[in-house]
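Engineer: Input: one structure, supplied below.
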Amino acid sequence: MKKDVREMLNDFTNGLATLSETNGEHVNAFMNLLGTTYSEGALDTKTKELISIGVAAYNRCEYCIVFHVYKALEAGATREQIIEAAMVAVAFGGGPSMAYSVTLLKDSIDEFEKDFK
């Protein structure tokens, strides 16, 4: 069954907001880590998002794949760059990483790419 990647993205971001109502300190710490990690440094944000896509595909984290495809596109990554980053994960993760790359990752690109054109 094909997943609704936009709904998954919304579920994740809304879930963070809901959890912050009762566990604000933890959610804020996580968000601060993300903010620090993804800010421009020796690597630009787009490169960091592409690395995140590889890690997400390797770990088969569905919400991570959806979120970081969106953020990579937002940072200016192309479809080709996103797929190539995922293929690095396949070199390490084999069939399971490929399965997530040809389904959920591809569907995420298809859905979110138009948001940034």
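Engineer: For the chain, what is the accessible area per residue in Å², given a 1.4 Å probe and the full set of protein chains?
Structural biologist: Working: 6950 Å² over 117 residues.
Per residue, the chain has an accessible area of 59 Å².
Engineer: Another question about this same structure. Counting other Cβ atoms within 10 Å, which trypsin sites (Lys or Arg not before Pro) in segment 1-40 have at most 12 and lie in a DSSP loop?
Structural biologist: LYS2
Engineer: Still on this model: Among (i) 15.0; (ii) 14.1; (iii) 14.6, find the value of Kirkwood radius over Cα pairs in Å that was calculated from the structure presented, and write down its label.
Structural biologist: Derived directly from the coordinates: (iii).
Engineer: With angles folded into 0 to 90 degrees, how steeply does helix 62-74 sit against the dominant principal axis of the chain? Use alpha carbons for both and round to 10.
Structural biologist: 90
Engineer: Next up: Computed from the mean reciprocal separation of all distinct C-alpha pairs, what Kirkwood hydrodynamic radius does segment 43-111 have, in Å?
Structural biologist: After inverting the pairwise mean of 1/r, the radius is 11.1 Å.
Engineer: Which three extents, in angstrom, do the Cα atoms of segment 1-50 have along their principal axes, listed largest first?
Structural biologist: 37, 33, 11
Engineer: Restricting attention to segment 22-77, which trypsin sites (Lys or Arg not before Pro) occupy a DSSP loop and are surrounded by at most 15 other Cβ atoms within 10 Å?
Structural biologist: Details: sites: LYS46, LYS48, ARG60, LYS71; in loops: ARG60.
In loop regions of segment 22-77 (DSSP not H, G, I, E or B), the sparsely surrounded trypsin sites (Lys or Arg not before Pro) are ARG60.
Engineer: What do you get for GluC sites (Glu not before Pro) in segment 55-117 restricted to DSSP loop and a cutoff of at most 10 other Cβ within 10 Å of the site's Cβ?
Structural biologist: Here no loop site has a sparse enough neighbourhood.
Engineer: Sticking with this structure for a sec: Please give the contour-minus-distance gain from THR36 to GLU80: 0.36 nm per residue of separation, less the Cα-Cα distance, rounded to one decimal in nm.
Structural biologist: So the chain would gain 13.2 nm between THR36 and GLU80.
The values are calculated or read from the model by the stated rules, or taken from the named source; none is laboratory data. Treat the numbers as computed from the prediction; the structure is a model and nothing was measured. No Cβ is skipped: glycine too gets one built from the backbone with ideal geometry, and neighbour counts run over all protein chains shown. Just the protein is used for accessible areas: all its heavy atoms, side chains included, with ligands, DNA and RNA removed. Shrake-Rupley method; radii C 1.70, N 1.55, O 1.52, S 1.80 Å.
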